[in-house]
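Nothing in this text is a laboratory measurement; each read-out follows from the coordinates by a stated rule. Just so it is clear, the structure is predicted and the values come from calculations on it, not from any experiment. Cβ: placed from backbone, ideal geometry, glycine included. Neighbour counts: every protein chain shown.
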Amino acid sequence: MQITKHLSESAVKRMADEAYCPLCEGCVAEPFVESACWNYVQCTSCGAVFLRPSPSPEELRTYYNQSYMVPMEAYAQGTRRNAPPLLRKLAQKFPAKGKLLEIGSSYGFFLEAARREGWDVAGIELDDQTSRYGRDRLGLKIFSGTLESEISRLEPPYDVIASFHVIEHVADPIRFLERCQELLTGKGGTLVLKTPNVASWIAKKTGSSWQWLSAPAHIHLFSPGTLELALRKSGFRVERIWSRRGDAHNNLFELVCGAGRYMASRKRGLVENHGRRTWSDRWQVNVAKAVSEAVYYPLGLMVDPWLGGQGLQPELVAIADVRE
């Protein structure tokens, strides 16, 4: 049981200010990435990386309303690429399909793909504009809000919960995972997660310029080990955790972009906030992206499988079952 359940709000806040680790409950951390605005620290006991000071609800609302954007076409392309193999894997575990909940369903494209395969689907999405698209244009059952705010409207138990690039955004990842566990069926209920890999090769090479630091949106950053720790503490049996390129750019392009962000941050005296629209939105970068893909492709055929086998690709994927 979590210590935080027995502490007052003021005590929890004080421990958070002292770099209290949300995973192992240790109270000692060392700097991981520092900037003029936000600092990431790393727990010296378990290796968890998290943002301190933690952003307030007001700061997060301002950020998401003014700076955070999910491009529809890029999201659709990623879903077309990534949904089929995942749905095939889930079909092996659940031949008769069943009920699937996606937390952080965005426009609803993954839910739409799952529905076509025979799943009974529902979703939760914080952004009202994107959730409205899924409801109105795709005819999906998507609730606008967070898991905590919408949990009373859900219809558990679910056979599968999918949550892609959400856990890094939540203030209390253990509580989030415990909620998921409660909503799943008994033994065999499955959780599928995707999240940035702070232990990836590109994260280590680009440091404070890594694209997926993205403070203040990304409050917690996971490695394969800390993600497994969080899942086990929340009542899951980990089936598999692996790394892949996922939605990230190729490593060559990220190295170039990381150097550009670093130079820009040195010039301004602060680390770039990667969630905002910056120089990386210029048309020249789109050209560089295409060129880097062509140059990196033959190298990637050899390098990417090796990085994936070593757990060093930029995105983590985890499949875990409810443990009884």
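Worth a mention:
- Links that overshoot a 29 Å alpha carbon limit, given the list K97/K289; K99/K233; K89/K233: K97/K289
- Approximating the spin labels as points 7 Å out from Cα along Cα→Cβ, the L138-to-S45 distance works out to 4.0 nm.
- With R₀ set to 35 Å, the beta-carbon distance separating S152 from R240 gives a calculated FRET efficiency near 0.60.
- Using the Cβ-Cβ distance between E117 and V28 with R0 set to 45 Å, the FRET efficiency from 1/(1 + (r/R0)^6) comes to roughly 0.45.
- Karplus 3J(HN,Hα) series, Hz, for segment 91-100 with 6.51 cos²θ - 1.76 cosθ + 1.60 (x for Gly, Pro): 5, 5, 7, 10, x, 8, 6, x, 9, 10
- Likely footprinting exposure, S149, S214, S200, fewest C-beta neighbours within 10 Å first: S149, S214, S200
- Residue list for segment 143-166, given a label point 7 angstrom along the Cα-to-Cβ vector of E324 and an amide N cut-off under 20 Å: 156-161
- Placing a pseudo-label 7 Å from each Cα along the Cα-to-Cβ vector at M72 and Y297 gives an inter-label distance of 2.9 nm.
- If R0 is 41 Å, the Cβ-Cβ spacing of R232 and S56 corresponds to a FRET efficiency of close to 0.85.
- Residues F143, F222, sorted so that the one with the fewest Cβ neighbours within 10 Å comes first: F143, F222
- Annotation for C37 and K289: the two label points, set 7 Å from Cα along the Cα-Cβ direction, are 2.1 nm apart.
- About the centre of its Cα atoms, segment 59-322 shows a dipole size close to 480 debye [charges on the beta carbon of Lys, Arg (+1) and Asp, Glu (-1) only; nearest 20 debye].
- Distance between segment 201-263 and segment 181-195 - C-alpha centres, whole angstrom: 22
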